Amino acid sequence: MQGIRTIRCNLSRFVILARTHLIFSHFEPTHFANLTVERPLSSKFSTAFSSFSTSSLETPITPKHLKEPEECSSDNGSDMENDDDDDDVRGLNLSDDGLLQDAKTIVNILQESSDNRVEMKSKIEQCGVKVSQELVLEVLSRVRNDWEAAFTFFLWAARQPGYAHSVREYHSMISILGKMRKFDTAWVLIDEMRGVKTGVSLVTPQTLLIMIRKYCAVHDVGRAINTFYAYKRFKFDMGIEEFQSLLSALCRYKNVQDAEQLMYCNKAVFPLNTKSFNIVLNGWCNLIGSPRESERVWREMSKRGIRFDVVSYASMMSCYSKAGSLYRVLRLYKQMKKIGIEPDRKVYNAVIHALAKGRLVNEAFNLMKTMEEKGVAPNIVTYNSLIKPLCRARKVEEAKGAFDDMLKRCISPTIRTYHAFLRILRTGEEVFALLEKMRKMGCQPINDTYIMLIRKFCRWRQLENVFKLWDEMSENGISPDRSSYIVLIHGLFLNGELDAAHKYYTEMKEKQLLPEPKIDEMLQTWLSNKQIAEGQTTESRSNQCQTTELRSNQLDCSQSREQTRGIPRRSHERNFIRQAETRKVVRERGFSFWEP
């Protein structure tokens, strides 16, 4: 039987290789193939990273926002799951040194006085900072994980003469409150935006969409749908586009099954079309990552006569790419070209990712050249689709070659590019060296960066570096969120630092971040055992003291008997009286005494 399985396995591999060769017969070799000559992998990753385009690092490239709006689910489809949840709470990358210093002053006050709200308000009033919209947005972006500090500052800023919150500041604060599940307070701000006093409403459809997304993030589908129907109350349109925004919000936070049912239930009001199906299909493909469910939706589209477009193919190819099914990716690629659908950047990115993951590096670079010849320029997502699987396969030299080629095209790396390299580093020195190079390139670490590195250092049992990173977060204006605390506490617990783990868990709850049931159970068990152990230790010490004093008393009695054998009767009587008095004192102290 083992021989038959081996033969079948080899035949399957031969068939896949043969089909791959046939499909790629139309790819033309290009000069990109010269960049990926196989080189022996260095035993130490530091060698590979020490030569990271030194000249480019000395002259930082100006960061460019190359990520297009429609590419939010790109990067082989995997990035949508990890999108920053604080899209509405971002700073403005201030270049004014005065504003930056004012923002830092406010943030320091908020962080230092986090335990005393009265002191915080007093210090803010006395800081002498002039409020502006840019300052408010920057401060809120830096303290977005401490909703009380953010809200205290938000209310104080609103009272300053000559300043009034705009739509963007309200949206930032509402997003912070929604993330921390303070929905009632968020709705109070929305009522304030309606302009009951001023007569001018600042509420927009985006305002309600923020609330929908926050409800979806906590999987409260019912309230998300109710908020969608609140469009009528605010006299906003409730067309197919708004409904599709609701579907997108549901799928973004993995409520894909609810989104699919909602789509079918409302087909009489919002007719089924390609875009609605694509939203659900992308949810199953890239958020849940289930080829089985994706194929079911694909068949349903075909059954209902819904036309497939390039987005449909991109979603399916991305799903197969992440599942490691290179043959299915190439088959769909060939099929869509056969029926006359021209690949777009998302399709090319999915195929490039699949090729790189299948270690067909030369073919991946060839396809990059092909897409360029077709008028589709590679962007940062394209390069990330290539670099990430190369790093996972430990092909560091090839990944570095792609990185250098990207810099030559003046495409700035994103934080996800650096995450790919950070994941494969093996020493703390390499990690901090690459972090420094990131900053020189104008790319600052984010919460996800620190979470990944704290987890890595906890696994390496390098707690000194863990606390170094934790302190660095605050210095860089990043307030630790719930995920940061959970990773830190879990790492400390597994490394035996139980007191420190309990300290940070208490700090996490004081910030009103949602507790983690598993960690709560672990620490409660540890506290109970600690109290029992301390009680047993106290009792043991008490018994030990009693035993020591008892033995001392017994020794005194024995010596007294020996001395009474050779002394007169009167002295014997006096000694007897003394012993009686001693026995009385010992009894009063509560110790047992041996009677002679």
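The values are calculated or read from the model by the stated rules, or taken from the named source; none is laboratory data. Bear in mind the structure is a predicted one, so any value in this text is a computation, not a measurement. Reconstructed Cβ throughout: ideal geometry from the backbone, glycine too, with neighbour counts over all protein chains shown. The protein model used for the area step is the full one, side chains on, heavy atoms only, and it has no ligands, DNA or RNA in it. Shrake-Rupley method; radii C 1.70, N 1.55, O 1.52, S 1.80 Å.
Before moving on, here are some points about what is shown:
- Applying the Karplus relation 6.51 cos²θ - 1.76 cosθ + 1.60 with θ = phi - 60° to region 450-462 yields 3J(HN,Hα) values of 5, 4, 4, 6, 4, 4, 5, 5, 5, 5, 7, 6, 9 Hz, where x marks Gly and Pro.
- Assuming charge only on the beta carbon of Lys and Arg (+1) and of Asp and Glu (-1), the dipole of region 276-319 about its Cα centre is about 160 debye to the nearest 20.
- Mean-position separation - Cα centroids, region 247-274 and region 416-441, in angstrom: 40 Å
- In order along region 239-246, the Karplus-derived 3J(HN,Hα) couplings, from 6.51 cos²θ - 1.76 cosθ + 1.60 at θ = phi - 60°, round to x, 5, 5, 5, 5, 5, 5, 5 Hz, and Gly and Pro are given as x.
- D_trans [Stokes-Einstein, Kirkwood Rh over alpha-carbon pairs] for region 272-427, 20 °C, 1.002 mPa s, µm² s⁻¹: 133 µm²/s
- Derived value for region 389-454: Kirkwood hydrodynamic radius 12.3 Å. Basis is the mean of 1/r over every pair of different alpha-carbon atoms.
- Listed by chain and number, the lysines whose C-alpha is less than 29 Å from the C-alpha of LYS123, apart from same-chain residues fewer than 8 away, are LYS104, LYS179, LYS182, LYS468, LYS503, LYS509, LYS511.
- Gap separating the Cα centres of region 215-246 and region 115-152, nearest whole Å: 31 Å
- Normalising the Debye intensity of region 145-203 to I(0), with uniform scatterers on Cα atoms only, and taking log10 at q = 0.27 Å⁻¹ returns -1.24.
- Ranking THR449, THR274 by solvent-accessible area of protein heavy atoms (1.4 Å probe, all protein chains present), from largest to smallest, gives THR274, THR449.
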